[in-house]
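Heads up, the thing below is written out as structure tokens.
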Amino acid sequence: MALTRWLRGLKWFVWLLASALLLLIAAWLASNWNDAPPQPRPEALRLPTPSLPDERNAFFALAGLRAAADLDPLAAGRAVWKQQLARAAESKGQFVAPAEMPSANEADRALGKPLPSIAGPPLVCNQSTDACVTQWIDNADALSAQRKEHALLGQRCERLLEGDFQFDEALAPMRTVAEPLAQHGTGASDCSKWFLSGAVLAWSRQDRPRAMVLLGMADRMNRTLLGGSHSLIGQMIAVRV
């Protein structure tokens, strides 16, 4: 008798569970029977309109900072950016107009033979600011030799800041993981290392005017990057350097 009651209760439980599942499926189907009509993108989510022409935007110069010695960094940065956008569009299966696709010659010129990366101590320092200053002062001769190896890159950084340095972070028209983002980051980091290590080196040699010039360049670059960065990554790069 007890077993019969238990089986009867189990039967009702299974029936209720099945009914609840069917109701859930029916509710899901009803809520998804028709898609909501497309709505215009809210103004707060619209990508900002570029404020600078590409020819005056330091974003591209920083993106192409390590271009081959005989190439213009800004032109190289623009060409590489176009390549990356075209590849991202292809990866999404979108049509890319021939006029928007960089030519093979343009791609070759953009790639070139890049300048060597800044790597290794004493110039590279991932510690606190005070620790980096100590590292640079304690290894002044090695730092000076290392900076000479990257003299062309440093000259490009200084020319950027000696001129009309304006920055407006370029954003891809689509927002997926395929699009390039914050391509200026490596160049900005390299210039920051160049300015700050040079300022400390100049200070250690009692060259106050040179130290102040380089600190001024670092400060101006950082403030301009912060004001012209639109993505979270761009903002964090500006804060970090």
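Mind checking the full-extension length gain between V124 and F165? Use 0.36 nm per residue of separation minus the Cα-Cα distance, one decimal, nm. Write out the running numbers ahead of the final one.
Details: separation 41, 0.36 × 41 = 14.76 nm, distance 2.48 nm.
Answer, rounded to one decimal: 12.3 nm.
So how much accessible area does R210 have, in Å² to the nearest 10, using a 1.4 Å probe?
Around 80 Å² of this residue is reachable by solvent.
Given the rule -39500 (n - 2.57) for each run of at least 4 DSSP H residues, summed and divided by the residues of the chain, what is its mean residue ellipticity at 222 nm, to the nearest 500 deg cm²/dmol?
Helices in the chain give a 222 nm mean residue ellipticity of -19500 deg cm²/dmol.
Where does the charge balance sit around S192 when Lys and Arg score +1, Asp and Glu -1, over other residues with C-beta under 15 Å from its C-beta?
Values: positive: R66, R147, R156, K193, R220, R223, R240; negative: E158, D190, D219.
So the surrounding residues net to +4.
As a test question: what accessible area, to the nearest 10 Å², does D35 have when a 1.4 Å probe is rolled over all protein chains in place?
140
What is the gain in length, in nm to one decimal, between W28 and A151 on full extension, counting 0.36 nm per residue of separation less the C-alpha to C-alpha distance?
On the way: separation 123, 0.36 × 123 = 44.28 nm, distance 6.43 nm.
Stretched fully, the W28-A151 segment lengthens by 37.9 nm.
Could you pull out every residue, at least 5 positions away or on a different chain, whose amide H is within less than 5 Å of the one on A67? Hs are placed 1.01 Å off N in the peptide plane, and Pro or chain starts have none.
Under 5 Å from the amide H of A67 lie the amide H atoms of L115, each far enough along the sequence or on another chain.
Please find, in a Gaussian network model of the chain (springs between Cα atoms separated by less than 10 Å), the residue of S229, S19, S197 whose mean-square fluctuation is greatest.
S19
Quick check for the chain: number of Lys pairs with alpha-carbon distance under 30 Å, counting only pairs 8 or more apart or on different chains?
Working: K82/K92; K82/K113; K82/K193; K92/K113; K113/K148; K113/K193; K148/K193.
Step by step, the pairs that qualify in the chain add up to 7.
When you count, for each residue, the other Cβ atoms within 10 Å and take the mean per peptide, how do 21-27, 50-56 rank with the highest first? List each step's numbers first, then the result.
On the way: 21-27: 10.0, 50-56: 12.4.
Most protected by this proxy first, the peptides run 50-56, 21-27.
Rank by packing, highest mean first: peptides 185-194, 57-66, 126-135, with packing defined as the count of other Cβ atoms within 10 Å averaged across residues. Could the numbers behind the result be given before it?
Details: 185-194: 21.7, 57-66: 26.6, 126-135: 12.5.
The peptides rank, most packed first, as 57-66, 185-194, 126-135.
Any chance you could give the angle, 0 to 90 degrees and rounded to 10, that helix 2-31 forms with the longest Cα principal axis of the chain?
Approximately 50 degrees, to the nearest ten.
The values are calculated or read from the model by the stated rules, or taken from the named source; none is laboratory data. Please read all numbers here as calculations on a predicted model, not as lab measurements. Neighbour counts run over all protein chains shown; Cβ positions are idealised from the backbone, glycine included. When the accessible area is computed, the model is the full protein with side chains, heavy atoms only, and any ligands, DNA or RNA have been set aside. Shrake-Rupley method; radii C 1.70, N 1.55, O 1.52, S 1.80 Å.
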